[in-house]
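Worksheet: one structure, shown below.
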Amino acid sequence: MTTSKYLPREIEPKWQKRWEESGIYRSVEDPDREKFYCLEMFPYPSGDLHMGHMRNYAIGDAYTRFLRMVGYNVLYPMGYDAFGLPAENAAITRKVDPAQWTRQSIEKMKCVQKRMGLSYDWDRTLATCEPEYYHWNQWVFLQFLKKGLAYRNAAPVNWCPSCSTVLANEQVENGGCWRCGSNVQQKDLEQWFFRITAYADELVQDLDRLEDWPERVKIMQRNWIGRSEGAEIHFPLVGSETVISTFTTRPDTVFGITYMVLAAEHPLVGELVRGTDREEPVRQFSERVKGKSTIERTDETREKEGIDTGRCFINPVTGERFPILVADYVMMEYGTGAVMGVPAHDQRDFEFAGKYGLPVRVVIEDDARSIKAETMEQAYVDDGTMVNSGPFDGRNNREAMSDFVGYLEENGWGQASISYRLRDWLISRQRYWGTPIPVVYCETCGTVPVPEEDLPVLLPDDVTFTGEGNPLAASSSFGQTTCPGCSGHARRETDTMDTFIDSSHYFFRYTDPAYEQAPFDPEKAAYWMPVDQYIGGIEHAILHLLYARFFTKGLRDLGLTDVGEPFSRLLTQGMVIKDGAKMSKSMGNVIPAEEMMDKYGADTARMFILFASPPEKELDWNDHGVEGSFRFLNRVYRLVCKNSHLFDKPEDRPDELPDGSLSLVHAAHKTIKKVTEDIRNRFQFNTAISAIMELVNELQRFSSDGGELQPGDRWAMAEGLRTVILLLAPFAPHMAEELWELTGGSYSVSVQPWPPYDPALAVSRTVQIVVQINGKVRARFEALPDSSGEDLERRAMENPKIIELLKGKELVKSVVVPGKLVSLVIK
RNA sequence: GGGGGAGUGGCGGAAUCAGGUAGACGCACGGGACUUAAAAUCCCGGGACGGUAACGUCGUGAGGGUUCGAUUCCCUCCUUCCCCA
């Protein structure tokens with residue numbers, strides 16, 4: 001008998017070394033085997049590996065290990081999202097080289113990841129800050145430029161004064177910077193954009209194909225893209241050739257227009273009032289409005305402000321003139337920056353019109369009651385019958401909608417149109433630690449892309465980090481260059497790319513990280529892509545996942561891949577909570593991953609993380625709970641050691657099994673079935689682990705029941721223990737290896753076939769049947785699982801307690817559910 | 001304001017997909033065994049109320065509905081978290 005103790009500190013490094021030396025987690029393309037690409041969102045290498053990371057990897061690794069045992073050819077890589085602000089900030093405050101700082105952090109993180117025992121193919125590791133990687137950011141940029149998917153434009157942009165950079169719309173949260181929270185200001189700048197709106201429709205439509213994505217992520221994306229159908233209508237300006245266009249989702253209310261409002265940023269505002277007595281007040285008003293934040297301007301509860309321009313437009317459908325105003329609640333980013341005012345049928349317009357004495361004209365009536373403009377207390381926004389609408393009077397507005405748009409089109413007043421909330425992706429950043437945008441500005445040739453053969457445009461070393469402005473712009477070696485076209489003097493673009501570009505195609509790069517001709521080898525990508533299972537935090541529901549989807553479609557249209565959607569299945573893990581708050585540095589409630597592993601070992605940490613909560617839910621951290629997982633692993637270890645003699649001379653299964661052993665065999669098969677289904681179909685690691693615990697409890701009872709074990713018992717016990725080891729292999733891989741070896745198994749447990757189960761054995765030998773009377777449980781009895789309904793009913797009626805309760809009553813009805821219950825209704 | 005989740009013992013959570021024994025598994029707690037003692041380990045207990053007990057009544061945020069039967073399905077409401085404004 002072995003009496004050794006469970007010592008994770010000894011066995012974990014031992015097996016990690018063996019895995020590395022034997023290279024069993026390296027993946028190779030094999031057309032004869034079914035592939036499975038499992039991926040976790042790669043981390044930003046801050047150097048600290050926190051619980052959120054640990055949870056992410058524990059989930060992914062357990063699933064991957066399971067898949068390997070089930071027989072898939074698995075790709076499971078890891079890399080580092082290595083560009084970004086923290087490295088640059090460290091450079092400013094601590095005078096360290098961002099590249100060096102980042103590489104050190106990566107090594108630190110990798111070290112912790114290795115200690116966790118994760119089964120990555122480490123040969124495929126990449127870091128986005130390396131020229132071999134960002135080369136391909138630049139390459140894709142050039143291809144996008146050729147296809148018109150990248151362009152430069154002057155636009156009002158979101159500016160974070162604290163980070164001294166512009167931000168994409170997706171990076172503005174509640175009017176503040178997503179990183180530092182500072183109030184975002186609007187600034188007019190020349191910037192580079194990616195034309196994500198070209199794919200707006202496809203990005204919405206393809207969401208329907210993503211059946212294995214959480215519904216809420218799809219809803220968030222759908223809302224973010226904000227596709228709305230309606231019409232664009234053109235209004236002639238009185239006394240001018242100019243036409244003002246507006247987008248509306250309610251073209252059926254055009255007869256009810258009584259005014260128009262423009263955004264303060266609308267390019268026509270200046271022209272409208274030039275030289276009139278309205279010029280100065282309107283200019284002042286516009287300036288004041290521009291200084292307000294977006295949240296303030298779009299807050300629906302706030303009173304809206306406007307100012308008359310003194311100019312009028314003509315409503316083409318009626319020929320009437322109405323005033324044009326400038327108002328604070330209209331944003332240039334949405335629609336066309338001009339909004340037609342229909343006070344009777346839009347609540348915001350109604351309030352605005354009330355404040356400025358603008359007329360209200362009812363054009364849709366409630367079918368139940370008549371609506372009078374004079375007595376309305378709020379806008380009528382529902383559907384109804386069109387009135388005051390010329391040829392459309394009497395028709396239902398919803399049904400008449402498309403006819404009405406046709407009517408506008410025939411007369412040249414407008415046309416059907418689709419509007420998106422989604423804006424083009426602003427990718428320029430005035431920062432150093434990112435991918436240089438490969439463009440030069442030549443005095444004679446203008447904007448010139450850097451030729452592909454000159455890539456990558458490397459980040460220069462001769463920079464100083466002062467915290468003010470972009471260090472790249474101050475570098476003498478970088479800024480000045482010669483034009484690739486005319487060899488004349490040229491100036492380099494000093495902006496770098498948004499780091500979300502890095503994470504928009506890294507999953508392709510893993511399929512062949514050393515490939516030198518393109519971002520990836522099309523053939524290898526064809527084998528591995530798409531990612532079959534992607535795992536990461538819900539916080540990336542919009543930003544990263546939308547950009548990655550767009551990028552994939554862009555790469556597809558460059559002919560590099562056939563894949564249109566990068567991630568077939570998505571699992572969004574819940575946050576890690578401690579003491580009722582998100583575990584975070586700012587809350588001061590962080591448990592470092594390393595500390596956990598020092599104390600209990602990686603297997604315990606992984607086990608607890610998976611056991612404490614289902615992956616999608618929040619995980620409530622509890623120090624005592626970890627203790628429980630540690631105890632469980634100790635128990636398993638002891639149990640196997642105590643019974644190790646059973647494996648000295650393996651026995652064959654006897655023809656006849658003693659009763660207790662037979663029950664044990666049933667329990668083992670039932671457990672295999674449950675664990676298999678919980679992992680494969682539901683990602684329910686917590687219930688899978690519970691099931692293993694139950695089996696362990698049963699084995700322990702069986703082995704300590706006293707008395708000599710019969711030959712059949714010995715066989716059943718050995719089988720039960722081997723089953724437990726195999727089932728634990730995805731969750732506690734180090735211990736599983738150790739015990740597998742101890743029981744005479746061959747290396748490695750992680751490539752053993754997953755244990756099969758016999759459905760006939762994967763049921764309890766007897767089931768408990770309950771007898772209900774009028775819905776209340778009154779008696780129970782044991783029966784065989786396949787007992788017939790008649791049999792069960794007869795046995796229920798023979799039950800002394802039931803006979804007693806039935807005395808003097810009339811049996812009205814009985815319902816029998818075989819294997820479950822007999823329900824009697826009496827009067 | 002709009003959209004989407006979630007509410008079950010002292011705690012994390014099961015059962016909810018497909019209506020059928022609510023509380024699996026674990027933590028914390030209580031009792032016992034082993035020990036000179038402790039730790040570790042092993043065994044037993046446990047939703048609430050009443051009862052020595054058998055057992056009974058109540059019980060899954062609140063209220064209603066459907067059903068022989070509702071934690072599960074439907075309606076209304078409350079609380080809370082997330083996303084968008």
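Details
- Against chain A, whose longest principal axis is taken from its Cα atoms, helix A:397-410 shows a tilt of about 50°.
- Proximal lysines relative to A:K801, as straight alpha-carbon distance under 22 Å, when same-chain residues fewer than 8 apart are discounted: A:K776, A:K809, A:K813, A:K820, A:K827
- Sorted largest first, the principal axis extents computed over the alpha-carbon atoms of region A:467-526 equal 43, 35, 15 Å.
- What the Cα atoms of region A:1-79 give is an Rg and a Dmax of 15.6, 48 Å.
- Counting only Cα atoms, the size of region A:112-167 along its three principal axes is 50, 34, 16 Å, in decreasing order.
- The alpha-carbon positions of region A:396-443 define a convex hull whose volume is 185 Å³ per residue.
- Other-chain or far-sequence residues with amide H under 5 Å of A:V590's (modelled H): A:S584
- Residues A:R653, A:R283 arranged by fewest to most Cβ contacts within 10 Å: A:R653, A:R283
- Measuring how big region A:30-129 is from its alpha-carbon positions, Rg and Dmax come out at 15.6, 54 Å.
- Qualifying lysines (Cα of each under 21 Å from Cα of A:K35; at least 8 residues distant if same chain): A:K524
- Dividing the convex hull volume of the alpha-carbon atoms in region A:318-474 by its residue count gives 255 Å³ per residue.
- The spacing between region A:119-162 and region A:437-471, judged by their C-alpha centroids, is 14 Å.
- Unsatisfied cross-links (Cα-Cα over 29 Å) in the set A:K110/A:K674; A:K599/A:K642; A:K17/A:K553; A:K649/A:K670: A:K110/A:K674; A:K17/A:K553
- Dipole size of region A:4-109 about its Cα centre, with +1 on Lys/Arg Cβ and -1 on Asp/Glu Cβ: approximately 420 debye, rounded to the nearest 20.
- 5 angstrom amide H check on A:F36, placed H, neighbours 5+ away: A:N73, A:V74, A:L75
- Using alpha-carbon coordinates, inclination of helix A:279-290 to the longest axis of chain A, degrees: 10
- Descending semi-axes in Å of chain A, equivalent ellipsoid built from Cα gyration tensor: 61, 41, 22
- Using alpha-carbon coordinates, inclination of helix A:215-225 to the longest axis of chain A, degrees: 10
- Counting only the Cα atoms, region A:181-247 fills a convex hull of 201 Å³ per residue.
- Selection from A:L726, A:P98, A:Y72, by position along the positive dipole direction of chain A (Cβ): A:L726
- Scattering curve values for region A:458-567, log₁₀ I(q)/I(0), Debye with Cα scatterers, q = 0.10, 0.12, 0.16 Å⁻¹: -0.46, -0.63, -0.88
- Shape of region A:659-800, Cα gyration tensor, a/c cut at 1.5: prolate
Any read-out appearing in this document is the output of simple, stated calculations on the displayed coordinates, not a laboratory observation. Computed from a prediction, not measured in an experiment: that's the story for all the values here. When we count neighbours, we look across all protein chains shown, and the Cβ atoms used for this are built from the backbone with ideal geometry, even at glycine.
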